[in-house]
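A quick write-up on the structure given underneath.
Readers should treat all values here as calculations from the given coordinates under stated rules, not as data from a laboratory. Quick caveat: nothing in here was measured; it's all calculated off a predicted structure. Cβ placement follows ideal geometry from the backbone for every residue including glycine, while neighbour counts extend to all protein chains displayed.
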Amino acid sequence: LGRRINAAVSDLTRSSNLDEKAFDGMIKEICAALLEADVNVKLVGNLRKSIKQTVNFKELAPGVNKKRLIQKAVFDELVKLVDPHAEPFKPKKGRSNVIMFVGLQGAGKTTTCTKLARHYQSRGFRSCLVCADTFRAGAFDQLKQNATKAKIPYYGSLTQTDPSIVAREGVEQFKKERFEVIIVDTSGRHRQEQDLFDEMVQIQRAVTPDQTIMVLDASIGQQAEAQSKAFKETADFGAIIITKTDGNASGGGAISAVAATHTPIVFIGTGEHMLDLERFSPQPFVSKLLGMGDMQGLVEHVQSLKLDQKDTMKHIAEGIFTVRDLRDQLSNIMKMGPLSKMAGMIPGLSQMMSGMDDEEGGMKLRRMIYICDSMTIKELDSDGKIFVQQPTRMTRIAHGSGTSVREVEDLLTQHRMMAGMAKKMKGNMANMQRAQGAM
Ligand code: GDP
Ligand code: MG
């Protein structure tokens, strides 16, 4: 997919007269590539509209790298699509949280159940597994083996054939034993689809889960929309886990499922092993989908096109320093490299980066820029007080950018310091010139 999109954009940049017709043709080609990657037809239609709105061809200044601008627009739109902008379900300590898994046979439910139980176990929740798959011979054995390996207590039955009875018994027993995370694995196949859906509803009634999670194989194609909608209507899941993202699948179907059900992806499976479970993060996911290895380079380049140094200088002259000003400065340093020298020029940053080599420092900077990119326009253009008034914003941003609340706090500390300096420098042109040299 990435190759096709890149080819489409290259054609445009190569053609001698870069007219609007060529631009339209390229958007068409990009959309065809997205369709081929199993992104839903309707979504692609919307995407096309918003790209045309974002990239106003006529207004692009000569010399602006249109190729990168357009790629960035595609990237941004896809990120917007998969970014849930919502906090994932968090089990509560000291009570029983029941999580039920649904999904088709082979999606990766049984494997992922154990991964998730282990995930919570390692975070201090007493976790356990209930096997409510009585349809497939060997299902209980598989769960037992996984659970034993991960040292997770489990419940199941070799004789009881009614899955909702097994589920209820298992959950009741574990609740009595005060387990905190009880994960119920279910079957994914039946002779009739309706039987599977009936069974899901019965199990759901039997255990009244706090959260139902649908497991989806990354390789699911155009049927993603219909399938996830059917599951949503029956089992009303509140979260999605995408498995097998380590494979060749582009994951376009996953995006369609999110858009069709308005349900966030919470984790992704990245391999067959117990530890191969990662929190979902929109940017890397879309980078992979588009085959854009150097997405960050792209983001920075585009930023440099838009970057208005004068804005920051004007701000400083007025004693203002917004979070966006900080973001622009970070992005400037990234372009200037070698980092160890550059970072030293920004007060406070050198301290933060001491002991890091250029690569680690670059990673740190990139993460800071990710954080800024997960902020709303209002937050970026603010003086930072908004985060003190509403600290939950930091949690949302940490989640959206795939970083930690601690890192968001660090960035805001950095910002506060620079804002303080800007205030002191207010109106002092001499200092301003010196600052310009330094930033
Ligand atoms: P279920 O039928 O939904 O319970 O699916 P299973 O948990 O039995 O998984 C089906 C197959 O997918 C197994 O061979 C798993 O090892 C494999 N699998 C599950 N998750 C992942 C993943 O994230 N990556 C890879 N490579 N394989 C996975
Ligand atoms: Mg299974």
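Overview of values
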| read-out | value |
| --- | --- |
| Theoretical gain in end-to-end length, THR392 to MET421 [0.36 nm per residue, Cα-Cα removed] | 7.8 nm |
| HIS273-ASP311 pseudo-label distance in nm [points 7 Å out on the Cα-to-Cβ vector] | 4.5 |
| Loop sites in segment 221-281: GluC sites (Glu not before Pro), DSSP, at most 16 other Cβ within 10 Å | GLU272 |
| FRET efficiency estimate (nearest 0.05) - Cβ-Cβ, THR208 to ASP383, R0 56 angstrom | 0.75 |
| Distance in nm between pseudo-label sites at SER50 and SER404 (7 Å out along the Cβ direction from Cα) | 3.1 |
| Simple spin-label estimate for GLN160 and VAL201 in nanometres, 7 Å along Cα-Cβ | 2.2 |
| Order of LYS175, LYS288 under a 10 Å beta carbon neighbour criterion, fewest first | LYS175, LYS288 |
| Fewest-first sequence of VAL166, VAL215 by Cβ atoms within 10 Å of each Cβ | VAL166, VAL215 |
| Rounded to the nearest 20 debye, dipole of segment 139-204 from Cβ charges on Lys, Arg, Asp, Glu | 360 |
| Footprinting exposure proxy for GLU379, GLU199, GLU409, GLU359 (fewest neighbouring C-beta atoms within 10 Å first) | GLU359, GLU409, GLU379, GLU199 |
| C-alpha center-to-center spacing [segment 118-175, segment 356-431] in angstrom | 44 |
